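One structure is given below, encoded as structure tokens.
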Amino acid sequence: MRGMYRYNCGSVPGRGTSLGQKMLRKWLDTDSKGTKYCLQMDVSKFYPSVDNETLKEMFRCKIKDKDCLWLIDTIIDSAEGLPIGNYTSQWFANFYLEGLDHFIKQELGIRYYIRYVDDLVLLGPNKKKLHAARREIDRYLQNIRLQLKGNWQVFRVDDRGIDFLGFRFFRDRTILRKRNALRIRRRLRKIQKKGHLSYKDACAVVSYWGWIKRSDSYGFYQKYVEPICSIGEAKRTVSKYAKIRNSQGRETASGAEGDAGCEACSIRGDPGV
């Protein structure tokens, strides 16, 4: 993690979407002039497009231990690009774009910048400067065998929300992304049709509450969630299941200890031993 950009939030312990949301919200609230425009973009087919040899050379600039480099090379050479699902792929992906983070901050002088894996958000007071930054970033990515996706956007923050990290960030509020809100409503309709709340459904509702309470979406909760399943009901269901599971676990462990004890007694009582 040495050298990692502080607002690189993807798959990094203690960061994640919560840090990205917190900082983006803070910047929008405290510096309206400095966050007048937004440049939003991502890398095209990022994971499969990572160049194996380029990644290995990057590691050689930072790590000198031959055994460690052999292990890293073995992992990298196991597939073309970075296999989605490998735990190492998350860290290798962040490392591959570490130089880009420093280029954006130090060379381009972008004050407000967040990256979540290959999704980039840059904020600034000048639209032309952001367009120029986009061209420079595109050139930088081509040098490491990557390419920007063609759906990049530069827009005025006061005119529309920033769709990022599962939320939409407006100047005065943060709400759920439309896709996430639709997913929640569909799941709740299924729960309503079943007429009862299963453990799996309760866990889903508790998870949805985590998204809702981190945004200005309490009205959404009152209108679509609470009439079908309140957060209190969901938490009680999860708690009840956990108590039953723990109780069954203790009984199983107790039974295993009892069996072991009987076996030990029979061995000690055997005069042939």
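Remark: pairs (first residue in segment 43-63, more than 11 Å from residue 95 (Cα to Cα) and among the aromatic types (Phe, Trp, Tyr); second residue at pLDDT 95 or above and part of a helix (DSSP H, G or I); Cβ separation under 9 Å; 6+ apart in sequence or on different chains) = 46/96. Only residues that are more than 19 Å from residue 13 (Cα to Cα) and free of Cβ contacts under 8 Å to residues at least 12 places away in the same chain were counted in segment 85-106, giving 1.
For residue 112, indicate whether it is in contact (Cβ under 8 Å) with a residue 60 or more places away in the chain and of a type in the set (Ser, Thr, Tyr). So residue 112 fits the description; yes.
Sub-7 Å Cβ pairs linking a first residue in segment 66-77 that is within 17 Å of residue 93 (Cα to Cα) to a second residue that is open to solvent by less than 50 Å² (accessible area, probe 1.4 Å) and of a type in the set (A, V, I, L, M, F, W, C), at least 6 apart or interchain, are 69/59; 69/63; 72/59; 76/55, ordered by first then second residue. Considering 210, 150, 219, the condition of being over 24 Å from the mean Cα position of the chain (by Cα) and either closer than 20 Å to residue 33 by Cα or surrounded by fewer than 17 Cβ atoms within 10 Å (Cβ to Cβ) (or both) is satisfied by 219 alone. Of all the listed residues (137, 191, 184), the sole one being out of contact with any Pro (no Cβ under 7 Å at 6 or more places or on another chain), outside any loop (DSSP other than H, G, I, E, B) and more than 30 Å from residue 89 (Cβ to Cβ) is 191. In a residue-by-residue description of segment 78-88, the property of being open to solvent by less than 60 Å² (accessible area, probe 1.4 Å), farther than 26 Å from residue 24 by Cα, among the polar types (S, T, N, Q) and not in a loop (DSSP other than H, G, I, E, B) applies to at least one position.
For segment 216-244, name all the residues that are in contact (Cβ under 8 Å) with a residue 40 or more places away in the chain and out of contact with any helix residue (DSSP H, G or I) (no Cβ under 8 Å at 6 or more places or on another chain). If the condition is that a residue be in contact (Cβ under 8 Å) with a residue 40 or more places away in the chain and out of contact with any helix residue (DSSP H, G or I) (no Cβ under 8 Å at 6 or more places or on another chain), then 216 is the only one that fits. Among the residues of segment 1-40, the ones that are surrounded by fewer than 16 Cβ atoms within 10 Å (Cβ to Cβ) and without any contact (Cβ under 8 Å) to a residue 40 or more places away in the chain come to 10 in all. Kindly check whether there is at least one residue in segment 182-190 that is over 28 Å from residue 117 (Cα atoms), more than 25 Å from the chain's Cα centre (by Cα) and open to solvent by 20 Å² or more (accessible area, probe 1.4 Å). Yes, the conditions are met somewhere in segment 182-190. When segment 93-117 is filtered for residues that are open to solvent by less than 30 Å² (accessible area, probe 1.4 Å) and not in a helix (DSSP H, G or I), the ones remaining, listed by number, are 97, 110, 112, 113, 114, 115, 117.
The values are calculated or read from the model by the stated rules, or taken from the named source; none is laboratory data. Fair warning: this is a prediction, and the values are worked out from it, not measured in the lab. Positions of Cβ are backbone-derived with ideal geometry, glycine not excepted, and every protein chain shown enters the neighbour counts. SASA here: full protein model, heavy atoms, side chains in, ligands and nucleic acids out. Shrake-Rupley method; radii C 1.70, N 1.55, O 1.52, S 1.80 Å.
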